[in-house]
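A.B. asks: Sharing a structure, written as structure tokens. Questions coming.
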């Protein structure tokens, strides 16, 4: 049994990334990578053209300026928080990033819809599978 447990732990550690803030972010990253997308950077800061901090993003593909985030909508009931979030989303787009918001229902049934959303953003930005 020890070998099995060590193997499971070794496998889990290989999949882990430092700095991840939620299990859903990890789930999204694994769906994307297992679906053939490049490995994204985790919790990366993005900046405006003037060098001003815009946001910390869950998963980024900097070569293509695609930002993917799991949005749990924890603050959806608070209109002020929702307004701040909407302004943040606009600032991300204004900084030249394709911002893909992934909601819980996008991860259902294996996450195929989330994978398609991010893959489409990467392809729009010039990424090509297998290259």
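A.B. asks: Within the stretch 113-131, can you find the residues that are within 17 Å of the chain's Cα centre (by Cα) and without any contact (Cβ under 8 Å) to a residue 60 or more places away in the chain? Talk me through it step by step, then tell me what you get.
C.D. replies: Looking only at the stretch 113-131, we keep the residues that are within 17 Å of the chain's Cα centre (by Cα), and these are 113-125, 127.
Within the stretch 113-131, 113, 116, 117, 120, 121, 123, 124 qualify.
A.B. asks: Among what's in the stretch 69-111 and is within 17 Å of residue 35 (Cβ to Cβ) and in a helix (DSSP H, G or I), pick the residue that is farthest from the chain's Cα centre (by Cα).
C.D. replies: 109
A.B. asks: Kindly list, by first and then second residue, each pair from a residue in the stretch 85-105 that is on the phi > 0 side of the Ramachandran plot to a residue that is part of a helix (DSSP H, G or I) and exposed (fewer than 13 other Cβ atoms within 10 Å of the Cβ), limited to pairs with Cβ atoms under 9 Å and residues at least 6 apart or on different chains.
C.D. replies: Partner pairs satisfying both residue conditions: none exist.
A.B. asks: Quick check, is residue 10 touching a strand residue (DSSP E or B) at 6+ places or on another chain (Cβ under 6 Å) and modelled with pLDDT under 55? Break it down stepwise before answering.
C.D. replies: Details: touching a strand residue (DSSP E or B) at 6+ places or on another chain (Cβ under 6 Å): no; modelled with pLDDT under 55: yes.
Criteria not met by residue 10.
A.B. asks: Shifting gears a bit: For the stretch 39-62: of the residues being assigned to a loop (DSSP other than H, G, I, E, B) and in contact with a strand residue (DSSP E or B) (Cβ under 6 Å, 6 or more places away or on another chain), which is modelled with the lowest pLDDT?
C.D. replies: Going through the stretch 39-62, the residues assigned to a loop (DSSP other than H, G, I, E, B) turn out to be 39-40, 48-52, 62.
Retained after the next criterion (residues that are in contact with a strand residue (DSSP E or B) (Cβ under 6 Å, 6 or more places away or on another chain)): 40, 48.
Details: 40: 96, 48: 93.
Looking at the filtered set, the residue picked out is 48.
A.B. asks: Among residues belonging to the stretch 66-90 that are under 21 Å from residue 105 (Cα atoms) and loosely packed, with under 11 Cβ neighbours inside 10 Å, point out the one that is modelled with the lowest pLDDT.
C.D. replies: The extreme case among them is 74.
The values are calculated or read from the model by the stated rules, or taken from the named source; none is laboratory data. If you're wondering where the values come from, they're calculated on a predicted model, not measured in any experiment. Note: ideal-geometry Cβ built from the backbone for every residue, glycine included; neighbour counts use all protein chains shown.
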